[in-house]
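Report on the structure given below.
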Amino acid sequence: MKNLKKLLAICLMAVLTLSFAACGKKDEGSKTLTFGTNAEFPPFEYVASKGTIGEFDGIDMVIAKQIAEDQGKTAAINNMEFDSLLLALQNGQVDAVIAGMTIDPERAEAVDFSVPYYTATQVMIVKEDSAIAKASDMADKKIVVIQGYTGESCVKDLGYPYEAFKKGSEAILELNNGKCDVVVIDSATASKYVKDNPGLKIVEDADAFGSEEYGIAVKKGNTELLNKINESINKMKADGKISEISAQYMDVQTEE
C-alpha cells in the first residue's frame, strides 16, 4: 500500500511538473502571429480610430497582416517603446518585430532579419525659411532625433549634439514651435510629416546620409518562421503589393 501511494505521488508530481512547464512555454500551435512594433512611425505604423490590425494602421501593419494570413493565422500587435522591441523578441513576448527597423550588423548579431522590404534614407526636416541646405549646416543648430532610430546614429556619427524624443510627433511639434532647428528622420516618415504640417520642408544630403533597408526581425535561429516571412515578402514584392501599399499610405492623413 505504501509503495502504491509512493508510486501515485511520483506520478502526480510528474504531471504537475509537465503542467507548469507547459504554462511557461509559448503555444506552438497558436493561430495568432504576434508582431512587436512602435506605433509612432507614420506611414509605417501608427494608431488610428480604425486600423488594419485593431487600432494599428500603416504600411507595416498591412504587411504583417498579409504574412499572418499566408500562414493561416491572425496577426496581433504588441505596441511598445522602440528600444524594447528586440528584448521582447528575445524573451518570447512577440514572434517577430516589424517597426520600420533598419537592418544593421549590430542588430543582426542579436536577431535574424528577413529579406529587405523597403529602402529609405535619412533626411532633415526644417522650416521652409531655414538656411539649412546640407548636413554640415546643422553644426551650430539645435538638432532633434527620435530615440533608437537610425537618425540618432547618423547625427552621433557626425559628432553633433542633439536631443532625442521618443515620438516623431513630439519632435515635429518641437520644430513647429521653434524650439529646435532641424529633425533628422527616415525619408518616408519625413514626407508624411511634411505633408501633414504646412510650413515644413525636407532637405536631403546623399553625401552625409546613405540608404538603409528595413527588415522584419525574428528570434535568432527561428529559421522556420523566417522562411515563411521571406516567402510572403518576396511574393508581395514580386506582385507589386508593397509598392502599392506604400503609395496608398503616403496619401493617408494620419491622426496625431
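Tell me the mean residue ellipticity at 222 nm calculated for the chain from its helices only (DSSP H runs of n ≥ 4, each -39500 (n - 2.57), averaged over every residue, nearest 500). Mind showing how you got there, number by number?
Working: 9 runs with 98 residues, N = 256.
Here the helix-only value at 222 nm equals -11500 deg cm²/dmol.
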Charge dipole of the chain built from unit charges on the beta carbon (Lys, Arg +1; Asp, Glu -1), centred at mean Cα; most positive-end Cα among Ser191, Val97, Pro161 is Val97
Hull surface over four for the Cα convex hull of region 53-116, reported in nm², is 4.6
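Quick one: putting +1 on the C-beta of Lys and Arg, -1 on the C-beta of Asp and Glu, what dipole do you get for the chain around its Cα centre, in Debye to the nearest 20?
Numbers: 27 positive and 40 negative charges, 329 e Å.
With only Lys, Arg, Asp and Glu charged at Cβ, the dipole is about 1580 debye.
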For the chain, the longest principal axis of the Cα atoms and the Cα long axis of helix 2-23 enclose an angle in degrees, to the nearest 10, of 20
Hits in region 197-240: amide N under 20 Å from the 7 Å Cα→Cβ extension of Ala133, namely 200-209
The extension gain from Glu224 to Lys167, computed as 0.36 nm times the residue separation minus the Cα-Cα distance, is 17.2 nm
Most fluctuating of Met138, Met101, Met61 in the GNM of the chain (C-alpha, under 10 Å) is Met138
Averaged per residue, the 1.4 Å probe accessible area of region 86-241, protein heavy atoms only, in Å², is roughly 46
From the Cα centre of region 187-256 to that of region 46-119, the distance in Å is 12
Most fluctuating of Ala108, Ala135, Ala76 in the GNM of the chain (C-alpha, under 10 Å) is Ala108
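Enumerate by residue number the GluC sites (Glu not before Pro) in region 112-182 meeting two conditions: DSSP loop (anything except H, G, I, E, B), and at most 16 other Cβ atoms within 10 Å of the site's Cβ.
Working: sites: Glu128, Glu152, Glu163, Glu170, Glu174; in loops: Glu128.
Sparse-neighbourhood loop GluC sites (Glu not before Pro): Glu128.
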Cα-based Rg/(2.2 N^0.38 Å) for region 18-152, rounded to two decimals, is 1.28
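Calculate what fraction, in whole %, of the accessible area of the chain sits on carbon and sulfur atoms when a 1.4 Å probe is rolled over the protein chains. Intermediate values should be presented prior to the final figure.
Details: 6770 of 13080 Å².
Carbon with sulfur: 52 percent of the solvent-accessible area.
Filter the cross-link list Lys134/Lys237; Lys65/Lys167; Lys195/Lys241; Lys50/Lys156; Lys127/Lys237 down to pairs whose alpha-carbon distance in this structure exceeds 31 Å. Don't jump to the answer; show the numbers that get you there.
Values: Lys134/Lys237 33 Å; Lys65/Lys167 24 Å; Lys195/Lys241 23 Å; Lys50/Lys156 37 Å; Lys127/Lys237 35 Å.
Lys134/Lys237; Lys50/Lys156; Lys127/Lys237, as the Cα separations exceed 31 Å there.
What number do you get for the chain when its Cα radius of gyration is normalised by 2.2 N^0.38 Å, N = residues?
Numbers: Rg = 22.3 Å, N = 256, 2.2 N^0.38 = 18.1 Å.
Dividing the Cα Rg of the chain by 2.2 N^0.38 Å gives 1.23.
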If one compares the long axis through the Cα atoms of helix 187-196 with the longest principal axis of the Cα atoms of the chain, the angle in degrees, nearest 10, works out at 70
Length gained, Asp207-Asp251, 0.36 nm per residue minus C-alpha separation, equals 13.0 nm
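At 0.36 nm per residue, and after removing the present C-alpha to C-alpha distance, how many nm does the segment from Ala108 to Glu244 gain when stretched out fully?
Working: separation 136, 0.36 × 136 = 48.96 nm, distance 2.83 nm.
Full-extension gain reported as 46.1 nm.
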For the chain, longest principal axis from Cα atoms; helix 241-250 axis from its Cα atoms; angle between them, nearest 10 degrees, is 50
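The values are calculated or read from the model by the stated rules, or taken from the named source; none is laboratory data. In this text, all values refer to a predicted model and were calculated from it rather than measured experimentally. When we count neighbours, we look across all protein chains shown, and the Cβ atoms used for this are built from the backbone with ideal geometry, even at glycine. Calculation scope for accessible area: heavy atoms of the full protein, side chains included, ligands and nucleic acids excluded. Shrake-Rupley method; radii C 1.70, N 1.55, O 1.52, S 1.80 Å.
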